[in-house]
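Student: Quick one: this structure, given as structure tokens, is what I'll be asking you about.
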Amino acid sequence: MAFTTSQGRTTTSLSEINVTPLVDVMLVLLVIFMVTAPILQTGIDVQLPETKSVQDVNPQERIVISISREGLLYYGSQEVNLFALGDHLNRDVKNRKESIFLRADKDVKWNSIVSVIDEIRGAGYSEIKLVTKPFSQPRRRQ
């Protein structure tokens, strides 16, 4: 495509795109993503109890409630109050038949676990699954 200048000269337009700034910006975004992705995936530190029978499930696609060693309650990765747990479940879970996965640290008092189960059932959910991990070494029979 040709243009005529005010002096009557004909010039051609610059038809090449300089991709160097685009590559620079993309590399910066890639570095930022690589640095922040591991930070965003940090979960709640829960030492699960060990059992012989463990079913393999993917908790990424499920509703997961966690109780930390300190007794703090988490809905997903968000800390919540015990009495607000039912509101969170009713807001996010449409199907009352969906399983709710409960992760509790092995040192949490049983009373805390029962209180959370009671609150979940009070919100109308009956499918509550306790998450455990398999034994790291086989136990010896005595």
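Bear in mind that the values in this text are calculations on the coordinates, not laboratory data. Note that the coordinates shown come from a computational prediction; the quantities given were computed from them, not determined experimentally. Cβ coordinates were reconstructed from backbone atoms using ideal geometry, including for glycine residues, and neighbour counts include every protein chain displayed.
Student: Which of the lysines could be linked to LYS133 by a straight reach, that is with a Cα gap under 18 Å, when you skip same-chain ones fewer than 8 residues away?
Tutor: LYS52, LYS106
Student: For SER6 and SER53, compute 0.36 nm times the residue count separating them, minus their Cα-Cα distance, and round to one decimal in nm. Write out the running numbers ahead of the final one.
Tutor: Numbers: separation 47, 0.36 × 47 = 16.92 nm, distance 8.48 nm.
Taking SER6 through SER53 to full extension adds about 8.4 nm, to one decimal.
Student: Would you mind counting up the charge near ILE120? Only other residues with Cβ under 15 Å from its Cβ, with Lys and Arg at +1 and Asp and Glu at -1. Please list the in-between numbers first.
Tutor: Working: positive: ARG62, ARG91, ARG96, LYS97, ARG103, ARG121, LYS129; negative: ASP87, ASP92, GLU98, ASP118, GLU119, GLU127.
Residues close to ILE120 contribute a combined charge of +1.
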